[in-house]
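> Would you mind keeping the following structure in view while I ask a few things?
The values are calculated or read from the model by the stated rules, or taken from the named source; none is laboratory data. Note that the coordinates shown come from a computational prediction; the quantities given were computed from them, not determined experimentally. So basically every Cβ, Gly included, is an ideal-geometry build from the backbone, and we count neighbours across all protein chains shown. Accessible surface is based on the protein model in full, side chains and every heavy atom, while ligands, DNA and RNA are left aside. Shrake-Rupley method; radii C 1.70, N 1.55, O 1.52, S 1.80 Å.
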Amino acid sequence: MSESKRISNLYQSIYNGNPWLEVTLAHTLENVTAAQAYRKVNPNLNTIWEIVNHLIQWRRNILRRVQGETVLTPDHNYFVPVLDSSEAAWEQSIQNLAKSQELWNAFFEDFDDADLDKIYVNNGHTFYEHIHGIIQHDVYHLGQIVILKKFI
């Protein structure tokens with residue numbers, strides 16, 4: 001099995017597979033309502049919804065980088081208030097997360113392992129580091145979501 005296929009499997013497992021840590025994004029978000037996702041349990045903490053949107057934008061950012069684009073990260077670091085707190089808007093965020101997973105899966109289909117050593121010019125990190133970094137980023141914020149769920 002190629003290295004990129006192994007990485008792809010890891011990434012897929014964190015989203016909705018059977019990862020070693022036994023927690024996935026899809027399952028964790030499965031029964032969360034818009035009201036729960038929107039709820040601010042502490043003024044200093046992001047909401048579940050804000051975290052989900054942040055994950056989506058970072059997944060897109062890193063995917064664009066490893067596809068050869070130079071991407072500038074905004075000052076707000078993709079943490080922006082949710083303006084529409086409807087159930088339909090929440091469902092759209094969940095769909096956008098699923099779509100980002102599909103785009104990554106498609107990316108890995110044609111990925112050449114030799115490209116893992118490519119360097120992203122803006123920060124000097126390899127594509128390998130970026131791809132593992134986005135998985136680590138998902139897991140980091142998945143842990144936050146799990147904790148926030150306990151408060152709601």
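> Largest first, what is the accessible-area ranking of Asp115, Asp138, Asp110 with a 1.4 Å probe?
So the residues, ranked largest to smallest area, are Asp110, Asp115, Asp138.
> Enumerate by residue number the trypsin sites (Lys or Arg not before Pro) in the range 5-75 meeting two conditions: DSSP loop (anything except H, G, I, E, B), and at most 16 other Cβ atoms within 10 Å of the site's Cβ.
Sparse-neighbourhood loop trypsin sites (Lys or Arg not before Pro): Arg39, Lys40.
> Give me a comma-separated list of calculated 3J(HN,Hα) values for the range 14-20, in order, Karplus coefficients 6.51, -1.76, 1.60 applied at θ = phi - 60°, integers in Hz, x for any Gly or Pro.
5, 6, 7, x, 10, x, 4
> For His125, what residues show an amide H to amide H distance below 5 Å, using hydrogens built from the backbone and excluding near sequence neighbours?
Those qualifying (amide H under 5 Å, at least 5 residues apart or on another chain) are Tyr120.
> With every protein chain kept in place and ligands, DNA and RNA left out, what is the accessible area per residue of the range 86-152? Probe 1.4 Å, answer in Å². Each step should come with its number before you reach the end.
Details: 3740 Å² over 67 residues.
The answer is 56 Å² per residue.
> Can I ask one more? Of the chymotrypsin sites (Phe, Trp or Tyr not before Pro) in the range 46-152, which ones lie in a loop per DSSP and count no more than 13 other C-beta atoms within 10 Å?
The qualifying sites are Phe79.
> Hey, another quick one. When the chain is fully extended, how far beyond the present Cα-Cα distance does Phe151 get from Thr70, taking 0.36 nm per residue of separation?
Full-extension gain reported as 25.3 nm.
> Something else now. Report the paramagnetic label zone for Glu129: residues of the range 42-63 whose backbone N is under 17 Å from a point 7 Å from Cα along the Cα-to-Cβ axis.
The answer is 62-63.
> OK, next. For the range 57-71, what does the Karplus curve 6.51 cos²θ - 1.76 cosθ + 1.60, with θ = phi - 60°, yield as ³J(HN,Hα) per residue in whole Hz, taken in order and with x for Gly and Pro?
Along the range 57-71, the couplings run 5, 5, 4, 5, 4, 5, 4, 4, 4, 6, 9, x, 8, 9, 10 Hz.
> Then there's this: If the reach is capped at under 14 angstrom between alpha carbons, list the aspartates and glutamates near Lys118, excluding any in the same chain fewer than eight residues apart.
Hits, sequence-local ones excluded: Glu69, Glu129.
> Over the range 1-48, average the accessible area per residue using a 1.4 Å probe and give it in Å², no decimals. Spell out each step's value before the answer.
Details: 2980 Å² over 48 residues.
Roughly 62 Å² per residue, with all protein chains present.
> Counting other Cβ atoms within 10 Å of each Cβ, which GluC sites (Glu not before Pro) in the range 49-152 have at most 14 and sit in a DSSP loop?
Those satisfying the criteria are Glu69.
> Straight distance only, please: which aspartates and glutamates reach the Cα of Lys149 with their own Cα at less than 19 Å, same-chain residues fewer than 8 apart left out?
Cα-Cα hits under 19 Å: Glu22, Glu30, Glu50, Glu87, Glu91, Asp138.
> Obtain the nm distance between the two label points defined at Ser13 and Glu102 by a simple spin-label model: each point lies 7 Å from its Cα along the Cα-to-C-beta direction.
2.5
> How large, in percent, is the carbon and sulfur part of the accessible surface of the range 60-152 at a probe radius of 1.4 Å?
After summing per-atom areas, the C and S share lands at 54 percent.
> Between Gln92 and Asp117, what length comes free when the chain is fully extended (0.36 nm per residue of separation minus the Cα-Cα distance, one decimal in nm)?
5.5 nm
> From the P(r) of the chain, can you give the percent of Cα pairs sitting at distances over 28 Å?
21
> When the Karplus curve 6.51 cos²θ - 1.76 cosθ + 1.60 is applied with θ = phi - 60°, which whole-Hz ³J(HN,Hα) does each residue of the range 25-38 get, with x for Gly and Pro?
4, 4, 5, 5, 8, 3, 10, 7, 7, 4, 4, 5, 5, 7
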